[in-house]
Amino acid sequence: MTPTPTADVLISEVGPRDGLQSVKSTMPTADKLRWIDALHAAGVREIEVASFVPAKLLPQMADAAEVVRHAITLPGLTVMALVPNRRGAEAALAAGVHKLTMPVSASAAHSLANVRKTREEMVEEVRAISELCRERAPHVKLEAGISTAFGCTLQGLVPEDEVIALAVQCVQAGADESGLSDTVGYANPAQVRRLFRRLRAELGEHAGAAHMHNTRGLGLANCLAAYEEGVRTFDASLGGLGGCPYAPGASGNVVTEDLVFMFEASGIGTGIDLQQLIAARAPLIAGLPGEPVYGMTPEAGLPKGFTPATRHV
């Protein structure tokens, strides 16, 4: 996915999916819709709104189809959903999503824990879903996100050659793009530069987003390192909500508010209004009372005289 004409980078909000499925509470559907509306009003133009998985496994996502049907009415918004298999993809396409994301773990141990399939089986799922999209909805894009690309709490080190080879296999199987995810917060800037440089060299325009976690405080530094290697799409979660329930020790997606501030303060346009983005925390907090939210920028406020980035042409 490329940035919009009015932005230098695309901030892809994953809180309504990644964030909400990682907390024990279930946000009422009406609050989800208000939250998504507030994100859209702030200028967010890509949102992962749900995952299509059995409700008995993730009751937080039981209303996925209803959420998608609302989100696709918002002008200019790319509506994404995560799907682990063909059945989920069929349901997501029926609801009207614009883009599918699939988690394909570079860690053999994490793949079995997360989706109960081997890495090789997940590549075949990518192939099946790609064929499904071509048959039923050729306009829908498919991204294979390589999770645990920088390390795994279950397995430990994940060989970089295996990460890159898996991303290549996913694109060869039909994915439109493949990005790298720091699922458990192990990444450091030097590693991020190295892996994204290799990914972009192998995949070119098919190289996808950077999905970083702030588990060890390096989320923003890792995003900046990825930007310096040419990455232009970044996943983030409002309030830093989220983590991976099948990866012990994983917590804390990069905070959308802090990421937007970093880019805007650096003269890199996001197309997002920071004040309205911070205001979008209100429906999140109302829908999940008592759930902690994070973010340095919302706590400190914008600096006196702060001017957001102008449009770069």
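Bear in mind these aren't lab numbers, they're just calculated from the coordinates by the rules spelled out. Keep in mind it's a predicted model, so treat the numbers as computed, not measured. Using ideal geometry, Cβ is built from the backbone for each residue, glycine included, and neighbour counts are taken over all protein chains shown.
Some observations on this one:
- Sparsely packed trypsin sites (Lys or Arg not before Pro) within region 110-172, loop by DSSP, other Cβ within 10 Å at most 12: R116
- Neighbour-count ranking [beta-carbon atoms within 10 angstrom, fewest first] of C152, C133, C223: C133, C152, C223
- Choice from A71, A279, A81 showing the highest fluctuation, given a GNM over the chain with Cα pairs closer than 10 Å: A279
- For the chain, modelled as a GNM whose springs connect Cα atoms under 10 angstrom apart, the maximal fluctuation among L195, L157, L241 occurs at L157.
- Note on D31, D182, D8: ascending count of other Cβ atoms within 10 Å places them as D31, D8, D182, the fewest first.
- Residue of A187, A236, A91 that the Gaussian network model of the chain assigns the largest fluctuation, springs spanning Cα pairs under 10 Å: A91
- Once the chain from R193 to D37 is taken as fully extended at 0.36 nm per residue, the excess over their C-alpha distance is 52.7 nm.
- Cβ-derived FRET efficiency at R0 30 Å, R116 paired with R136, nearest 0.05: 0.70
- The sum of -39500 (n - 2.57) across all DSSP H runs of n ≥ 4, divided by the residue count of the chain, sets its helix-only mean residue ellipticity at 222 nm to -11500 deg cm²/dmol.
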